1. Being surrounded by fewer than 18 Cβ atoms within 10 Å (Cβ to Cβ), among the small types (Gly, Ala, Ser) and either modelled with pLDDT of 95 or more or touching a Phe, Trp or Tyr at 6+ places or on another chain (Cβ under 9 Å) (or both) narrows it down to one residue among Gly43, Gly28, Gly71, Gly63; which is it?
2. State all residues of region 51-60 that are touching a Leu at 6+ places or on another chain (Cβ under 8 Å) and surrounded by fewer than 19 Cβ atoms within 10 Å (Cβ to Cβ); if no residue qualifies, say none.
3. Name every residue in region 74-104 that is assigned to a strand (DSSP E or B), more than 11 Å from the chain's Cα centre (by Cα) and surrounded by 15 or more Cβ atoms within 10 Å (Cβ to Cβ), in order of residue number.
4. Could we say that Gly63 is part of a strand (DSSP E or B) and either within 18 Å of Leu4 (Cα to Cα) or aliphatic (A, V, I, L, M) (or both) here?
5. Please go through region 59-76 and pick out each residue that is closer than 21 Å to Phe14 by Cα and of a type in the set (A, V, I, L, M, F, W, C).
6. Look at region 7-53 and say how many of its residues are among the β-branched types (Val, Ile, Thr) and in a helix (DSSP H, G or I).
Amino acid sequence: AQVLYYMAKSLEIFPEFLASLPASGLTGTLEKRFDDLPNLKNGAVRAKTGTLTSPITVASLAGYVKHNKEGLLAFVIVSNGNESKSQPSLVALRQQHERIIASYLR
């Protein structure tokens, strides 16, 4: 989160950095994400994804979301399973991330 905050304050490099991140509903790993959230589907989220499936399931999403009143907000979400239990699906973790982001925009 500190790196994202730093980059947003670095006006000379931020536009290129932001453009390098996938856009929700439009590009890269976010192209097919946020389908159930129309207000976030058209590039409102710019973020990097990350996943692991072994030995435990891990899904992460870090980047920026456009807030109508607050402007651009930085966020980092990391979710993971537990070694002693059955693992959550990546789909379920990704949907959880999308719901978390949507909840901050209400």
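The values are calculated or read from the model by the stated rules, or taken from the named source; none is laboratory data. Please read these numbers as outputs of a predicted model, since none were measured by experiment. Cβ: placed from backbone, ideal geometry, glycine included. Neighbour counts: every protein chain shown.
1. So the residue among Gly43, Gly28, Gly71, Gly63 that is surrounded by fewer than 18 Cβ atoms within 10 Å (Cβ to Cβ), among the small types (Gly, Ala, Ser) and either modelled with pLDDT of 95 or more or touching a Phe, Trp or Tyr at 6+ places or on another chain (Cβ under 9 Å) (or both) is Gly28.
2. From region 51-60, those touching a Leu at 6+ places or on another chain (Cβ under 8 Å) are 51, 53, 57-59; that's our starting set.
Those that are touching a Leu at 6+ places or on another chain (Cβ under 8 Å) and surrounded by fewer than 19 Cβ atoms within 10 Å (Cβ to Cβ): Thr51, Thr53, Val58.
3. Just the residues of region 74-104 that are assigned to a strand (DSSP E or B), to begin with: 74-80.
Narrowing the set further to residues that are more than 11 Å from the chain's Cα centre (by Cα) leaves 79-80.
The one that is assigned to a strand (DSSP E or B), more than 11 Å from the chain's Cα centre (by Cα) and surrounded by 15 or more Cβ atoms within 10 Å (Cβ to Cβ): Ser79.
4. Numbers: part of a strand (DSSP E or B): yes; either within 18 Å of Leu4 (Cα to Cα) or aliphatic (A, V, I, L, M) (or both): yes.
So Gly63 fits the description; yes.
5. Looking only at region 59-76, we keep the residues that are closer than 21 Å to Phe14 by Cα, and these are 61-76.
Once the filter is applied, which keeps residues that are closer than 21 Å to Phe14 by Cα and of a type in the set (A, V, I, L, M, F, W, C), region 59-76 yields Leu61, Ala62, Val65, Leu72, Leu73, Ala74, Phe75, Val76.
6. If we filter region 7-53 for residues that are among the β-branched types (Val, Ile, Thr), which is where we start, we get 13, 27, 29, 45, 49, 51, 53.
When the remaining residues are screened for being in a helix (DSSP H, G or I), the result is 29.
Number of matching residues: 1.
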